[in-house]
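All remarks here apply to the structure that follows.
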Amino acid sequence: MTRLKDALDHIAEAVIKQRDLLDRLDSIGDSDHGTNMARGFTAAMEELERLNDLSSTKVVFETVGTAFAESIGGASGPLYATAFLRAAAACDENTTFNVENVEKLLNAAVEGVKRRGHSDAGEKTMLDVLIPVHKCFTPEEAKDKTLYQCIEAAVKAAKDGLDYTKTIPAKKGRASYIGERSIGHEDPGAMSSLIMVRELFNFLKY
Ligand code: ADP
Ligand code: MG
Ligand code: MG
C-alpha cells in the first residue's frame, strides 16, 4: 500500500508545517503540542522509509504507532500511538480502504484513546474531533455515500468538533489545570486531529 505511505507523507508534512500554530494553541497547556507532533511524525516517516515492504496496511500503522510511542513524551504521544496501534490491530495484511474498513479502524482508534486517556467526548480533547469523525463512517451516516464523500463529511465534522472545543472548559490533560480559563481557546489536540483528516481529504482530492 504505497498510496497509504504517500498519504501519511502528505499528512506528516502538513502537521510539521503547523508546528508553531499547534505550540501556540497549547498555551493553555505547556506550549509543546506542535513540537511533540513534529517529532512524532518525523520519527514515523523515518521508520516508514526504512520499511522495505509497504504492502501491509497493518504493518504501516504499527510502524507509525510505535514511532509515536517511542519519540513523544507528552500526553499526545501515547494517545496517538494507541490510536495508530489499535487501528493496526483492526486491520490485516490485506486490508483495503472502504467505508466499512475505515469505520472499523476508526472505531478501534477512538475506543483505544478513550480507554488509555480515561476520557470521552465533551472534555476538550482530540476526542471532540475523533468521535464525530468516526461517526461519519457508520452505516447510518455513510448510507449512499462513497468513501470520498464520507471523508469530506468527516472534514466538516472535524471543524465543528474543533469549534466546539472553544466553548467548553478542559477536563483532561494540562489545560484542565486552568479549568474555566481555557474556554474561548481551541484545543491543540483537536486541531492536530482536524489537520490529519483535512490533509487526508486534500491528498485524495488532488
Ligand atoms: P502534553 O499535554 O503532555 O504536553 P501535548 O501538548 O502534546 O501533550 O498534547 C495535548 C493534547 O492531548 C490536548 O490538547 C488534548 O487534545 C490531548 N489530551 C490530553 N489528555 C488527554 C486525555 N486524557 N484524553 C484524550 N486526549 C487528551
Ligand atoms: Mg503540551
Ligand atoms: Mg508537554
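Filter the DSSP H helices in the chain by two things, a Kyte-Doolittle mean of at least -0.5 and an axial alpha-carbon span of 15 angstrom or more, and list the hits by number. Don't jump to the answer; show the numbers that get you there.
Working: long enough: 2-17 (23 Å, -0.03); 33-50 (26 Å, -0.70); 57-71 (21 Å, 0.51); 76-89 (19 Å, 0.72); 99-117 (26 Å, -0.37); 147-167 (30 Å, -0.20); 188-205 (25 Å, 0.68).
Span-like helices, by this rule, are 2-17, 57-71, 76-89, 99-117, 147-167, 188-205.
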Name the residues of the stretch 163-196 whose amide N is less than 18 Å from a point 7 angstrom out from the Cα of Ser31 along the C-beta direction?
-> 174-178, 182, 185-189
Cα convex hull volume per residue for the chain, in Å³, equals 101
Can you find, among Phe84, Ser192, Leu48, the residue farthest towards the positive end of the dipole of the chain? Put +1 on the C-beta of Lys and Arg, -1 on that of Asp and Glu.
-> Ser192
Positive minus negative residues near Thr63 (Lys, Arg vs Asp, Glu; Cβ under 12 Å) = -3
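What FRET efficiency comes out for Lys143 versus Thr42 if R0 is 41 angstrom and r is the Cβ-Cβ distance? Round to the nearest 0.05. Please list the in-between numbers first.
Numbers: r = 39 Å, r/R0 = 0.96.
Once the sixth-power term is evaluated, E becomes 0.55.
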Using label points projected 7 Å from each Cα along Cα→Cβ, tell me how many nm separate Tyr206 and Glu70, to one decimal.
-> 3.2
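None of the figures in this text is laboratory data; all of them are computed from the coordinates on show. All values reported here derive from a predicted model rather than from experimental measurement. Using ideal geometry, Cβ is built from the backbone for each residue, glycine included, and neighbour counts are taken over all protein chains shown.
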